[in-house]
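Quick notes on the structure that follows.
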């Protein structure tokens, strides 16, 4: 058995490197530390099922023969891995871009200077011809940008820049990345932010406060998305749009939202761009920039619609288990259905939830023969069909199961899964 892991207080570079390890070493399972950064947790609340990851409390270390450590070289920075430190015959592989210190004695290691650890691993993935999906490319780009300050930190190397181009070539979505990454502003951006704060128009749209600013800019101005994000935060808006035009006939439109029901990506897509509910951008060609401004105002006005409700995105449970079946049977059914959690029911009455985490706690023969009701969770969050989807997003971040039951009149009427939320967020 081979596992990959990374440091506690996991950031996006560590998460990206952990996922990359599962591509470089087929069959390896990523073990995610218990303590991860808030933005990383927010990202995984929706996207975790796309990656081959286990939580630390789900991982059994007793049969590990190969340990892949990424983005650190200290045993103390790993989550409860000291048992493996003393294991004779354990193969340890190390990927780390930190050149100082360390106490992990690796069987094989790649330690090179780079702005981000994912850069080292992407080089190996390119060499091996590893294929990955656009969302994985997006995560890798987030890790790269997070550790290099969007390629602006002095530690950034030419290899980091090359890796960014490679990821964009493979479908990485800058709008999704921007929705999760933190930002800082330089002097030029701060000056532009001041102009936005002085000149913007704030609209009331279906109870949401939306700011719109239209400004001319000089050629070469970059990081405009950071300015729009900071403008939204300072004004306390639910969404913000910036229209930036230079002397040519093109305008850049950038939208930033939050956890509200106003989908800025959907608005920007109508301008020919692309986006995520919390971030979007478009390049718009127009002889008169004021037309772009009026068009955007009209599109925001058309966005007046009730917030999407849980009942509109929920799905039928893929698997309903009886309380009396054994843990061994439950494990087999979860694997057969390729799901990480299932509801435990008696007809339409919800009794509990069983997930990989609970199933993996069973070790002995007597535990494996025990009924599901002995291991299932009986305290968990539930939703109602009339609740807004934003509430489902919030609860999914807090729960680690990846499945929220939907109840009406004390009966189970559906579930909301990470997949349901992804289909809604990306308008699929």
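The values are calculated or read from the model by the stated rules, or taken from the named source; none is laboratory data. Please read these numbers as outputs of a predicted model, since none were measured by experiment. Cβ sites come from the backbone with ideal geometry, for glycine too, and all protein chains shown count toward neighbours.
Assorted remarks:
- Residues (under 25 Å from the mean Cα position of the chain (by Cα) and not in a helix (DSSP H, G or I)) located in region 320-350: 338, 339, 340, 341, 342, 343
- The single condition from (1) surrounded by fewer than 19 Cβ atoms within 10 Å (Cβ to Cβ); (2) in contact (Cβ under 8 Å) with a residue 40 or more places away in the chain; (3) over 25 Å from residue 49 (Cβ atoms) that residue 366 fails is (2).
- Residue in region 346-360 that is surrounded by fewer than 16 Cβ atoms within 10 Å (Cβ to Cβ) and within 26 Å of residue 46 (Cβ to Cβ) present: no
- Check on residue 71, under 21 Å from residue 358 (Cα atoms), under 22 Å from the mean Cα position of the chain (by Cα) and outside the structural domain of residue 258 (by TED's automatic domain parsing): no
- The residues in region 28-57 that are free of Cβ contacts under 8 Å to residues at least 40 places away in the same chain and under 13 Å from residue 419 (Cα atoms) can be counted, and the count is 1.
- When every residue of region 208-224 is checked against the conditions, at least one turns out to be closer than 16 Å to residue 179 by Cβ, at pLDDT below 85 and outside the structural domain of residue 387 (by TED's automatic domain parsing).
- Of all residues in region 308-319, those being outside any strand (DSSP E or B) and surrounded by 15 or more Cβ atoms within 10 Å (Cβ to Cβ) number 8.
- Boolean, residue 372 is surrounded by 20 or more Cβ atoms within 10 Å (Cβ to Cβ), in contact with a helix residue (DSSP H, G or I) (Cβ under 6 Å, 6 or more places away or on another chain) and within 21 Å of residue 408 (Cα to Cα): no
- Considering only residues in region 234-267 that are part of a helix (DSSP H, G or I) and more than 21 Å from the chain's Cα centre (by Cα), the one that is surrounded by the fewest Cβ atoms within 10 Å (Cβ to Cβ) turns out to be 234.
- Subset of region 33-59 [under 20 Å from residue 362 (Cα atoms) and buried (at least 17 other Cβ atoms within 10 Å of the Cβ)]: 53, 54, 55, 56, 58, 59
- Only one of the numbered conditions (1) in a loop (DSSP other than H, G, I, E, B); (2) under 21 Å from residue 333 (Cβ atoms) is not met by residue 412, and that is (1).
- Selection status of residue 389, touching a helix residue (DSSP H, G or I) at 6+ places or on another chain (Cβ under 8 Å) and within 16 Å of residue 324 (Cβ to Cβ): no
- For region 375-386, the set of residues classified as surrounded by 20 or more Cβ atoms within 10 Å (Cβ to Cβ) and not in a strand (DSSP E or B) consists of 375, 376, listed by residue number.
- With respect to the conditions (1) surrounded by fewer than 19 Cβ atoms within 10 Å (Cβ to Cβ); (2) farther than 24 Å from residue 114 by Cβ; (3) in contact (Cβ under 8 Å) with a residue 12 or more places away in the chain, residue 62 falls short on a single one, namely (3).
- The single residue among 94, 67 that is buried (at least 16 other Cβ atoms within 10 Å of the Cβ) and touching a helix residue (DSSP H, G or I) at 6+ places or on another chain (Cβ under 8 Å) turns out to be 67.
- The criterion of at least 1 residues that are touching a strand residue (DSSP E or B) at 6+ places or on another chain (Cβ under 8 Å) and crowded, with 20+ Cβ neighbours inside 10 Å is met by the following helices (runs of 4 or more DSSP H) wholly inside region 153-206: 174-180, 187-199.
- Number of positions in region 97-124 that are in contact with a strand residue (DSSP E or B) (Cβ under 6 Å, 6 or more places away or on another chain), in a loop (DSSP other than H, G, I, E, B) and surrounded by fewer than 14 Cβ atoms within 10 Å (Cβ to Cβ): 1
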